[in-house]
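Read-outs: derived from the displayed coordinates by stated rules, not from any lab. Note that the structure is predicted; figures quoted are calculated from it, not measured. Cβ atoms come from the backbone with ideal geometry, glycine included; neighbour counts cover every protein chain shown.
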Amino acid sequence: MIHPPILLRTISDLRANTASWHSEGLTVGMIPTMGALHDGHLALVTEARRRVDRIVATIFVNPAQFAPTEDFGAYPRTEASDVEMLAALGVEAVFAPAAREMYPEGHATTISVAGPALGLETDFRPHFFTGVATVVGKLLIGGFPDIAMFGEKDYQQLLVVRQMVADLHLPTEIVGLPTVREADGLALSSRNAYLSAEERRTAARLPAVLQQTATAIRSGTDAAEACATGRAALEAAGFRPDYLELRNSETLAAPIPCSSEPLRLLVAAWLGKTRLIDNIAV
Ligand code: AMP
């Protein structure tokens, strides 16, 4: 028999709920999401299930991480079916606040981030990581989970959150999990719902070009040259790339030539009105 999760709408309820679990000696995992759940989100839940006694998933389309020109209004909102999916996996609580709960009238404090937040996404979405860090910080301080799960799909975000948690001495372990993909390689994303049938077919070129570029770099092609070839391949397929770049996978700094540092290849590209991001280890 499936028990529906407790639905929490306020930070004070989130805090009381987690505190009561902790007082019973239970461990707590948090999974922050914007809802419109898919198997990528559910993989985070499944791993949390293995690691902790109680799970709180959060569903909040965070206005602070969207620019006025972006898709805040159009972003899919499917709370009832999200909660059903979470119930089927035995999630104990869902925190789904209204925007006014997270950002009451007069809200004036944000978390500003540098380090791994510099470059890449920030060059194209300057407001983005301040919005993400602020909301994730508020969620972690609201619930003080023992662990919180994030996907490598949003690789720069994962590193920004890790840095923020370390810098603010938050008592939560950040767990990063591999990207879940469709059979043709496309990374699962709530935004894939925006793609037309034709765009959806083209979208599989994005991970394919990432793989080709990574292979070229591994076999000794100069990274700048390989990335230029990759960008040209994306343009030829109908994308408008924002970036395709090789970075140090721990700091996201530009790699030092001929060193043996760990590397990550990251891409963001528009297909019609949809912006897709992806990344792989090199
Ligand atoms: P979102 O709802 O898009 O904000 O994502 C919530 C969490 O799910 C973030 O930590 C994402 O990185 C993660 N996530 C989204 N898509 C995937 C995916 N395809 N595979 C693994 N994790 C994902």
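Here are the numbers for the structure shown:
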item	result
Top positive-direction residue, dipole computed over the chain with Cβ charges, set ILE111, GLY73, LEU244	GLY73
Net charge, LEU265 excluded, C-beta distance under 11 Å - Lys, Arg +1, Asp, Glu -1	+1
Dipole moment magnitude, nearest 20 debye, region 190-281 about Cα centre, only Lys, Arg, Asp, Glu C-beta charged	360 debye
Simple label model, 7 Å out from Cα along Cβ direction - ASP71 to ALA193, nm	1.0 nm
Relative contact order [Cα under 8 Å, 6+ residues apart], region 190-281, whole percent	29 percent
Contour minus Cα-Cα distance for THR221 and ALA98 (0.36 nm per residue)	39.3 nm
Estimated FRET transfer efficiency (ARG181, SER23; beta-carbon r; R0 45 Å; 0.05)	0.65
Geometric extent, Cα atoms of the chain - Rg, Dmax (angstrom)	19.2, 58
Within-9-Å neighbourhood charge of MET149 [Cβ basis; K, R +1; D, E -1]	0
Rel. contact order, % - alpha carbon contacts under 8 angstrom, at least six apart, the chain	17 percent
Range in the chain, longest, excluding exposed GluC sites (Glu not before Pro) [loop by DSSP; at most 10 other beta-carbon atoms within 10 Å]	106-282
Relative pair counts by distance (%), Cα atoms of region 190-281, 5 Å bins	3, 15, 26, 23, 15, 10, 6, 2, 0
Residues in region 183-202 that a label on ASP39 would reach, taking backbone N under 13 Å of a point 7 Å out along Cα→Cβ	183-189
Candidates PRO262, PRO63, PRO104, ranked by Gaussian network fluctuation over the chain, Cα under 10 Å, top entry	PRO104
Value of [θ]222 nm, deg cm²/dmol, for the chain, DSSP H segments ≥ 4, -39500 (n - 2.57) each, nearest 500	-11500 deg cm²/dmol
